[in-house]
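Asks: Provided herewith is a single structure, encoded as structure tokens, for subsequent inquiry.
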């Protein structure tokens, strides 16, 4: 056998070509870089928080704002007419029998029936005067808008005269009326004159209106959170909102009876929907977020916060409907501020300054 001498030094073993290996390594490297990019990592808490649903105020808005259909109005009107007719016939027959058997009692019945008729006519006249006063305030609003749009000094003076006449019978505003009457000659354009009228006559009324809204929001929030009975919180919220709307009318110079108060509430809800104020805007975002955080502790308390915020929205809409002038120099109230002060009053620390 022939001995082969052993090889010394490194041994080179050839594998695949480098050109074929590089295309396979490059995509893997790029994919690994994309996978490890921190910017593409999903957020830890990407789920939106479940906000409490304001079922109470939704029911109140649906009850007040939904107008009855024609068939429903025809049914109600015909039913009321039939009931009034039958009641009148029964009363006349009863009084006729009393006159036949007991003439003295019959004449007493006639006198009582006449007094009831006069009282009903007086109630109807009061409702008519209240709605006519609302029409007067609405006319002042339109005249003020036209004066601002056209920069008409004559219309602005007419609006100022109407405002002075509107608050003529209120003794607490006598000093403010005199101050406006003395200083109105210093204004040289329509906006300045209307701003002066707003500052002198409506500034204090706005503070009173804010307090009423805070009280209503506090009542609705507490009723939603503390009343466990079904529909009881709806009744409490409906009563609080109707009372708040009626107080708005009384503060700004209007009057609301039984029928007029309900029609005014429907007007406010219609204005609320028409202006898009039902949606959550900038002044409601923090309140709704706070209700969502509080709902994690108690669902009823979270709903109370959101219902109180929507009640404040209804109150602001009532201010815009009942206020004779638009907001010019005075700041427009915000839901968050009203609700914060209203809920603070639950613990006895509401600042009236």
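Here, each number is a calculation from the coordinates, and none is a lab measurement. Note that the coordinates shown come from a computational prediction; the quantities given were computed from them, not determined experimentally. Positions of Cβ are backbone-derived with ideal geometry, glycine not excepted, and every protein chain shown enters the neighbour counts.
Asks: Bin width 5 Å, alpha-carbon pairs only: give the P(r) of segment 80-347 as whole percents, running from 0 to the bin holding the largest distance.
Replies: Each 5 Å bin holds this share of Cα pairs: 1, 6, 10, 13, 13, 12, 10, 9, 7, 7, 5, 4, 2, 1, 0, 0.
Asks: Provide the packing ranking of 95-102, 336-343, 118-125, 142-149, i.e. peptides ordered by the mean count of other C-beta atoms within 10 Å per residue, highest first. Display every interim value, and only then the final one.
Replies: Working: 95-102: 13.1, 336-343: 21.0, 118-125: 10.6, 142-149: 16.5.
Ranking the peptides 95-102, 336-343, 118-125, 142-149 by packing returns 336-343, 142-149, 95-102, 118-125.
Asks: Over segment 80-347, what is the relative contact order in whole percent, taking alpha-carbon pairs under 8 Å and six or more residues apart? Mind showing how you got there, number by number?
Replies: On the way: 281 pairs, mean separation 61.5, N = 268.
Once normalised by length, the contact order is 23 percent.
Asks: Along Cα→Cβ, 7 Å out, is where each label goes; now give me the distance between the ones at residue 81 and residue 263 in nm to one decimal.
Replies: 1.9
Asks: Just grab the label-to-label distance for residue 132 and residue 169, each label 7 Å out from Cα along the Cβ direction, in nm (one decimal).
Replies: 1.1
Asks: I need the peptides 302-312, 231-241, 325-335 ranked by packing, meaning the mean over residues of other C-beta atoms within 10 angstrom, with the highest value on top.
Replies: Values: 302-312: 28.2, 231-241: 19.7, 325-335: 16.1.
Ranking, from highest mean packing down: 302-312, 231-241, 325-335.
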